[in-house]
Amino acid sequence: MSAATHEIIRCAHVTVRYGERLALDDVTTAIPCGVATAILGPNGAGKSTFLRALLGWHALAPGGEIRIGDAHAHHQLPRLAYLPQRHAIDWDFPITVRAVVAQGRYPSLRPWQCLRAADHAAIDRAMGELGITELGDRQIRMLSGGQQQRVFLARALAQGADIFLLDEPFAGLDLYATEELTHILRAWVAQGRTVLAAVHDLALARAHFSHALLLNTRLVAAGPVAKVLTEEHINAAFRGGRCLHDNPLRGVSTTHFPA
Ligand code: ADP
Ligand code: MG
């Protein structure tokens, strides 16, 4: 994937709490523009919280700041598109594919304003790019997991965003749909878009993402994949910082993270 030109997201001292529970602790990092960055870490590491914090959905503890481009995160929402974790979506909700994609245009409409010709054109373009034009009238609950994923990616695309925040987009996809999604993300990056995705599979992150961010409430490492996904960093993130001498993964494939 293309080389980083500059950093598009900057986080300084980002701390997020849910009541007493610390979800992100003093995270300072930057996300390069126009590349695919995988966010990795054990369950509960704060991956979803990090993505939602970028959207401005969580109050940061005093002293924390997130900047998108040169502006504060709150002023940059149209640039950001978000794909929620699969379980956060009600797949039984009676809605057609086209209506879901059209939701991507709502943030740009005034209250009660109807979709304009330009909105319909953006919806058509997004559906065409994701190969779901023929599925427009289908109910989303009738689609395969891979097709459903493409509908939600089309919704993000229709929004006109150039930064895509994807929460576990590969979860629940079969091999074919996984392969398809990696092609879509590659194409987006080739077009200069920025992709930031929470990912569970280490091999997938290594193969399809040029950058990685390893979290375990605190930032463990961030940067080019080869520098971040080292045995030492993976141990620090997944085994609470145990040193390499008593590495429980030694000799064991680290294709997938330990449960
Ligand atoms: P990940 O996506 O890496 O699994 P999350 O960001 O979902 O991690 O969660 C980080 C921490 O915050 C976890 O300890 C989780 O239990 C907690 N958490 C997440 N969402 C909430 C919430 N709405 N209320 C309370 N605690 C939460
Ligand atoms: Mg999560």
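Odds and ends about this structure:
- So Gly34, is it within 30 Å of Ala207 (Cβ to Cβ) and open to solvent by less than 30 Å² (accessible area, probe 1.4 Å): yes
- Residue pairs whose Cβ atoms lie under 7 Å apart, separated by 6 or more positions or on different chains, with the first residue in segment 12-24 and touching a residue at least 40 places away in the same chain (Cβ under 8 Å) and open to solvent by 60 Å² or more (accessible area, probe 1.4 Å) and the second of a type in the set (Gly, Ala, Ser) and near ligand 1 (Cβ under 9 Å from one of its atoms), are Arg17/Ala23.
- Test for Trp91: is it within 16 Å of ligand 2 (Cβ to nearest atom), closer than 28 Å to Gly172 by Cα, among the aromatic types (Phe, Trp, Tyr) and open to solvent by 20 Å² or more (accessible area, probe 1.4 Å): no
- Here Gly44 fulfils each of the conditions (1) surrounded by fewer than 18 Cβ atoms within 10 Å (Cβ to Cβ); (2) outside any loop (DSSP other than H, G, I, E, B); (3) within 16 Å of ligand 2 (Cβ to nearest atom) apart from (2).
- Flag for Ala187 being free of Cβ contacts under 8 Å to residues at least 60 places away in the same chain, open to solvent by 10 Å² or more (accessible area, probe 1.4 Å) and either of a type in the set (A, V, I, L, M) or in contact with a Phe, Trp or Tyr (Cβ under 6 Å, 6 or more places away or on another chain) (or both): yes
- In segment 190-234, the qualifying residues are those that are hydroxyl-bearing (Ser, Thr, Tyr) and farther than 26 Å from Arg17 by Cα, and the one that is surrounded by the fewest Cβ atoms within 10 Å (Cβ to Cβ) is Thr230.
- Which listed residue is at pLDDT 95 or above, under 21 Å from Ala38 (Cα atoms) and open to solvent by 30 Å² or more (accessible area, probe 1.4 Å), from Arg79, Arg52: Arg52
- When every residue of segment 196-208 is checked against the conditions, at least one turns out to be under 22 Å from Ala53 (Cβ atoms) and modelled with pLDDT under 95.
- The residue that is surrounded by the fewest Cβ atoms within 10 Å (Cβ to Cβ), counting only those in segment 175-184 that are more than 24 Å from Phe238 (Cβ to Cβ) and either of a type in the set (Ser, Thr, Tyr) or touching a Ser or Thr at 6+ places or on another chain (Cβ under 8 Å) (or both), is Tyr176.
- The single residue among Gly104, Gly64, Gly41 that is in contact with a helix residue (DSSP H, G or I) (Cβ under 9 Å, 6 or more places away or on another chain) and modelled with pLDDT under 95 turns out to be Gly104.
- Under the condition of being assigned to a helix (DSSP H, G or I) and more than 17 Å from the chain's Cα centre (by Cα), the residues counted in segment 204-232 number 5.
- Residues of segment 15-41 that are within 14 Å of ligand 1 (Cβ to nearest atom), assigned to a strand (DSSP E or B) and farther than 23 Å from Asp162 by Cα: Thr15, Val16, Arg17, Tyr18, Arg21, Leu22, Ala23, Leu24, Asp25, Val27.
The values are calculated or read from the model by the stated rules, or taken from the named source; none is laboratory data. Everything numeric in this text was worked out from a predicted model, so none of it was measured. Glycine gets a Cβ as well: all are built from the backbone with ideal geometry, and neighbour counts include every protein chain shown. Surface accessibility is based on the protein's heavy atoms, side chains included, excluding ligands, DNA and RNA. Shrake-Rupley method; radii C 1.70, N 1.55, O 1.52, S 1.80 Å.
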